[in-house]
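S.K.: Pasting in a structure now, in structure tokens, and then I'll have a few things to ask.
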Amino acid sequence: MRPLIGITTSVNLRDYETLGQSVIMVPESYSRAVKEAGGIPLLISECEDAEELLDVLDGLIISGGRDINPSLYGEELHEKTIDINEQQDEWEKSLIEGAIERDMPMLCICRGHQLLCAIRGGKLFQHLPTTKGFEKHGETGGKWSNHKIKLSPESLIYDILGGEVIGNSGHHQGVFDAGDLDVVGRTSDGLIEAAELQSCRFLVSIQWHPEMCGHVEIFERLIQVSSQ
């Protein structure tokens, strides 16, 4: 049996079949990456019992998307933090905490990376374009740019990808404190782009999008560990 990998989704209003309908969505590139790596992707939406859902999964991907509520890390809303959903925050928080407790293999991407760091006691820059030292970090607002990321030796992600990768940037927020996670990757401006919880057999958290950048090795390793 190929491992079943849950991929989180988000609810957004779209003109789909009717005007302004709530649509459950995630980019298709996530499920494609899981399939190409040998797993079975399962798109998951919010439900009442995270533990019951985790019972049927072999691995978990917390996908990218909207901002998280800064109340999770003890701050007020910035004027540029405008797309939040507290219900989604709490739902994904319960998934993350449940997966860590079970030592379930988990990959956190973009929003998922930021949410994990906040849950583990970290903090975010709420708007990089107006944050000193990070004004030129990369594109935001639906545009994308690339940058180099240095990865720390002896980390899991170093073992997977090597010492340096090209990641993409389309995010206006970023992690400046990863809490109790091990910081294992930064861009040249110092932004935390990768973190791990080394007490887990596979918990990789990254700011960039490996499903867009062709970093299939990350998904292959997730599938491999989820199969064990």
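The values are calculated or read from the model by the stated rules, or taken from the named source; none is laboratory data. Just so you know, these numbers come straight off a predicted model, no measurement behind them. All Cβ positions, even for glycine, are placed from backbone atoms using ideal geometry, and neighbour counts span all protein chains on display.
S.K.: Answer yes if at least one residue in region 198-210 is touching a Phe, Trp or Tyr at 6+ places or on another chain (Cβ under 9 Å) and among the hydrophobic types (A, V, I, L, M, F, W, C), and no otherwise.
M.R.: The answer is no; no qualifying residue exists.
S.K.: Under the condition of being assigned to a loop (DSSP other than H, G, I, E, B) and modelled with pLDDT of 95 or more, which residue from region 1-40 is surrounded by the fewest Cβ atoms within 10 Å (Cβ to Cβ)?
M.R.: 2
S.K.: When both residues are 6+ apart or on different chains and their Cβ atoms are under 9 Å apart, which pairs have a first residue that lies in region 208-228 and is over 21 Å from residue 65 (Cα atoms), and a second that is among the basic types (Lys, Arg)?
M.R.: Qualifying pairs under 9 Å: 223/2; 225/201; 227/2; 228/201.
S.K.: Right, next: For region 176-221, name all the residues that are part of a loop (DSSP other than H, G, I, E, B), within 16 Å of residue 116 (Cβ to Cβ) and of a type in the set (Gly, Ala, Ser).
M.R.: 178, 179, 199 - these are the residues of region 176-221 that are part of a loop (DSSP other than H, G, I, E, B), within 16 Å of residue 116 (Cβ to Cβ) and of a type in the set (Gly, Ala, Ser).
S.K.: Hey, any hits in region 3-22 for a residue that's without any contact (Cβ under 8 Å) to a residue 40 or more places away in the chain, among the small types (Gly, Ala, Ser) and closer than 18 Å to residue 123 by Cα?
M.R.: No; the residues of region 3-22 include none that is without any contact (Cβ under 8 Å) to a residue 40 or more places away in the chain, among the small types (Gly, Ala, Ser) and closer than 18 Å to residue 123 by Cα.
S.K.: Which condition breaks for residue 104 when tested against (1) hydrophobic (A, V, I, L, M, F, W, C); (2) under 17 Å from residue 81 (Cβ atoms); (3) out of contact with any Phe, Trp or Tyr (no Cβ under 7 Å at 6 or more places or on another chain)?
M.R.: (2)
S.K.: So residue 178 fits all but one of (1) closer than 23 Å to residue 73 by Cβ; (2) in contact with a helix residue (DSSP H, G or I) (Cβ under 9 Å, 6 or more places away or on another chain); (3) surrounded by fewer than 22 Cβ atoms within 10 Å (Cβ to Cβ); what number is the exception?
M.R.: Here residue 178 clears every test but (3).
S.K.: With respect to residue 211, is the statement that it is closer than 19 Å to residue 139 by Cα and within 15 Å of the chain's Cα centre (by Cα) true?
M.R.: Answer is yes for this residue.
S.K.: If you go through region 148-167 one residue at a time, how many are surrounded by 21 or more Cβ atoms within 10 Å (Cβ to Cβ) and assigned to a strand (DSSP E or B)?
M.R.: 4
S.K.: Report whether or not residue 160 is within 26 Å of residue 73 (Cα to Cα) and either modelled with pLDDT of 95 or more or touching a Pro at 6+ places or on another chain (Cβ under 9 Å) (or both). Before you say what the answer is, go through the steps one by one.
M.R.: Working: within 26 Å of residue 73 (Cα to Cα): no; either modelled with pLDDT of 95 or more or touching a Pro at 6+ places or on another chain (Cβ under 9 Å) (or both): yes.
Considered against the rule, which asks whether it is within 26 Å of residue 73 (Cα to Cα) and either modelled with pLDDT of 95 or more or touching a Pro at 6+ places or on another chain (Cβ under 9 Å) (or both), residue 160 comes out as no.
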